[in-house]
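The values are calculated or read from the model by the stated rules, or taken from the named source; none is laboratory data. A quick note: this is a predicted structure, and the numbers were derived from the prediction, not measured. When we count neighbours, we look across all protein chains shown, and the Cβ atoms used for this are built from the backbone with ideal geometry, even at glycine.
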Amino acid sequence: MEALINPDILRWARTRARLSTGSLAKSLGTAEDNLIAWEEGAKRPTFKQAMSYAHYTHVPFGYLYLSSPPEETLPLPDLRTINGREPSYSLALKDTIRWAMERQEWYRDWLKLQGYTENKLVGRFALEDGVGSVVGDIRKSLQLPEMPKRGSFEEYFSSLVARIEAAGILVMRNSIVNNNTSRPLSVDEFRGFAISDTLAPVIFINTADCPEARLFTLGHELAHIWIGESGVSDAEPSNRRREEVFCNAVAAELLTPEKEFRALWQPHESWTDNLPTLTKAFHVSEWVVARRALTLNYISQDQYSQFIGKKIAAHKARNKDGAPPYSRLQTGRVSKKLATAVASEALSGRLLFRDAARLIGIKPHKISEYSKKELGF
């Protein structure tokens, strides 16, 4: 049976998903000529084919019967650099933001039931207050030492995430849309985003990025929460938006204080000879040290770009074996704080296990085991 759908909507759905006619036709198991004919109105797909079309383009099936495409607004402000960027968000990014917002909404309602009314850290400062004031307050609020005493940058990252979540800010990390491995996120599009909610703020880190870069992104998005500004960021040094310049400066000073950095920097024949000393002193990655060296004019943009280019190439060529267990990976995706709240509600009988499963991505019959193993119940 043929589906009496709007050909214009078919074309809109495919373009919105950034799929070529060839790749979509392959997914649908049909000839590319057939798909083109559907979009031109020369032929009609069967009802089953139309349902598959909606599935692979990630739109509700009912949309295919609309007379015109629905208007879609960006769910968060776009704070990325302009040059080389798409003028809109990819569907993967949009769906990730919506996914995060859905969980944030549940967590906000849960907080209200617990009697919470606001998170006083959100929007505590304005740009006019200056980088030093924001950095000082972040350190005080999270009880962060100016110079960490021990540990690698990975350990520092984990410790910082734990402190941020203890302060009531959800930290979500993922490299795919929800847990769909066929829908990867692109680091070329964004590195992170912040949802500056007065009760349930969220930081999202794109873990498709190099691990070395994620610590700076975390600091950058944390600054967004402190100034009460939501948005999608690329955290590029070349970004000239006022709030992005400010958040970059906060992240840099938080992770590598200028006074101490200048004191440790030595004019070696090769600037990279500074890396062992500085990464050990600040417990940050070489990427963060290079970034700070760039902003303090110790290295050129070309030197920085070449160095980071090698880091990115090495990350892409890495052996992907040895991934953490799914349950631990899922905890990082949704945030441990959210997972703890959801699992607690499910185990107490106040939340259906199927609803808990949808929120945290753990199968209903495994939530009890997951809570003991990953959440320490």
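Across the range 84-138, the number of residues qualifying as closer than 24 Å to residue 219 by Cα and assigned to a loop (DSSP other than H, G, I, E, B) comes to 12.
For the range 146-153, the criterion of being more than 23 Å from the chain's Cα centre (by Cα) and among the hydrophobic types (A, V, I, L, M, F, W, C) is met by at least one residue. Of all residues in the range 132-157, those that are under 18 Å from residue 284 (Cα atoms) and without any contact (Cβ under 8 Å) to a residue 60 or more places away in the chain have Cβ atoms under 7 Å from Cβ atoms of residues that are part of a loop (DSSP other than H, G, I, E, B) and of a type in the set (A, V, I, L, M, F, W, C), 6 or more apart or on another chain, in 142/167.
Just one of the numbered conditions (1) within 30 Å of residue 102 (Cα to Cα); (2) at pLDDT 95 or above is not true of residue 252: (1). Criterion first (small (Gly, Ala, Ser) and part of a helix (DSSP H, G or I)) does residue 194 satisfy it? In short, no. Scanning the range 162-193 for residues that are closer than 25 Å to residue 126 by Cα and surrounded by 21 or more Cβ atoms within 10 Å (Cβ to Cβ) yields 164, 169, 170, 171, 172, 190, 191, 192, 193. Restricting the range 321-366 to residues that are basic (Lys, Arg) and within 20 Å of the chain's Cα centre (by Cα) leaves a set whose member that is surrounded by the fewest Cβ atoms within 10 Å (Cβ to Cβ) is 328. Considering the range 37-53, the residues that are more than 34 Å from the chain's Cα centre (by Cα) and exposed (fewer than 15 other Cβ atoms within 10 Å of the Cβ) include one that is farthest from residue 8 (Cα to Cα), namely 48.
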